[in-house]
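Chemist: Take this structure, written in structure tokens, and hold onto it; I'll ask about it next.
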Amino acid sequence: MDDFRIRAATPADLDAVLAFWKDAAEGTSITDDRDGIERLVARDPESLILAERDGAIAGTVIAGFDGWRCHLYRLAVHPDQRRLGIGGALLTAAEERFVQLGGRRGDAMVLDRNELARHTWRASGYTPQPQWTRWVKPLGETAA
């Protein structure tokens with residue numbers, strides 16, 4: 001099904017993206033706030049990719065490239081829009097962006113408990129790397 005449009009988010013989309021993530025994303029993050037995604041879009045305007053259907057957000061992915069590695073975050077599809085090819089289309093758009101930027105491998109953070117997401121990632125050719133563990137440390141004011 002291809003009656004959706006893939007495009008980069010603009011600053012005007014950010015409140016809608018935050019609301020969308022509350023409904024469609026698995027879990028929340030300390031960066032899921034207006035300041036966090038404003039900084040993302042200001043720093044890298046093409047990194048937040050949206051799938052849009054009938055004027056509403058149907059899916060998102062963040063395709064961040066730091067000049068060395070390609071990182072994928074916040075792949076989310078609205079529950080009513082799942083299994084229609086939106087997630088795959090978002091990943092294809094992200095991968096095309098990475099190739100244009102010179103990226104050579106994409107990596108994704110996927111919650112272990114999110115079986116639906118794990119299926120999507122596998123179907124798109126991604127595999128888990130069991131030898132890696134993600135280490136995190138909140139920084140600045142959020143560390144308190």
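Chemist: Inspect segment 70-86 for any residue being among the aromatic types (Phe, Trp, Tyr) and either in contact with a helix residue (DSSP H, G or I) (Cβ under 8 Å, 6 or more places away or on another chain) or more than 16 Å from Val17 (Cα to Cα) (or both) and give the result as yes or no.
Modeler: Within segment 70-86 (the criterion being among the aromatic types (Phe, Trp, Tyr) and either in contact with a helix residue (DSSP H, G or I) (Cβ under 8 Å, 6 or more places away or on another chain) or more than 16 Å from Val17 (Cα to Cα) (or both)), the answer is no, since none of the residues qualifies.
Chemist: Hey, can you tell me all the residues within segment 1-12 that are more than 23 Å from Asp66 (Cα to Cα) and in contact (Cβ under 8 Å) with a residue 12 or more places away in the chain?
Modeler: Those that are more than 23 Å from Asp66 (Cα to Cα) and in contact (Cβ under 8 Å) with a residue 12 or more places away in the chain: Met1, Asp2, Asp3, Phe4, Arg5.
Chemist: Another question about this same structure. Just the residues that are at pLDDT 90 or above, among the acidic types (Asp, Glu) and surrounded by 13 or more Cβ atoms within 10 Å (Cβ to Cβ), please, taken from segment 1-51.
Modeler: Across segment 1-51, the qualifying residues are Asp13, Asp44, Glu46.
Chemist: So which residues in segment 99-110 are in a loop (DSSP other than H, G, I, E, B), out of contact with any Pro (no Cβ under 9 Å at 6 or more places or on another chain) and either touching a residue at least 40 places away in the same chain (Cβ under 8 Å) or at negative phi (or both)?
Modeler: Residues satisfying the conditions are Gly103, Arg104, Arg105, Met109.
Chemist: Now, a different point. Run down Arg74, Arg82, Arg97, Arg118 and say which single residue is under 12 Å from the mean Cα position of the chain (by Cα) and open to solvent by less than 90 Å² (accessible area, probe 1.4 Å).
Modeler: Arg74
Chemist: Same structure again: Where the second residue is in a loop (DSSP other than H, G, I, E, B) and not β-branched (Val, Ile, Thr) and the first is under 17 Å from Glu95 (Cβ atoms) and lies in segment 115-130, which pairs have Cβ atoms under 9 Å and are six or more apart or on separate chains?
Modeler: As it stands, the answer is Ala117/Glu26; Ala117/Leu111; Thr120/Arg82; Thr120/Tyr126; Trp121/Pro128; Arg122/Pro128, since those pairs meet every condition given.
Chemist: Okay, next question. Applying the selection to segment 131-144, what residues are free of Cβ contacts under 8 Å to residues at least 60 places away in the same chain and open to solvent by less than 80 Å² (accessible area, probe 1.4 Å)?
Modeler: Gly140, Ala143
Chemist: Follow-up. For segment 111-136, how many residues are in contact with a Leu (Cβ under 8 Å, 6 or more places away or on another chain) and assigned to a loop (DSSP other than H, G, I, E, B)?
Modeler: Residues flagged as in contact with a Leu (Cβ under 8 Å, 6 or more places away or on another chain) and assigned to a loop (DSSP other than H, G, I, E, B) within segment 111-136 amount to 1.
The values are calculated or read from the model by the stated rules, or taken from the named source; none is laboratory data. Predicted model, so just to flag it, every value in this text is computed and none were measured. Cβ: placed from backbone, ideal geometry, glycine included. Neighbour counts: every protein chain shown. Side chains included, ligands, DNA and RNA excluded: accessible areas come from the protein's heavy atoms. Shrake-Rupley method; radii C 1.70, N 1.55, O 1.52, S 1.80 Å.
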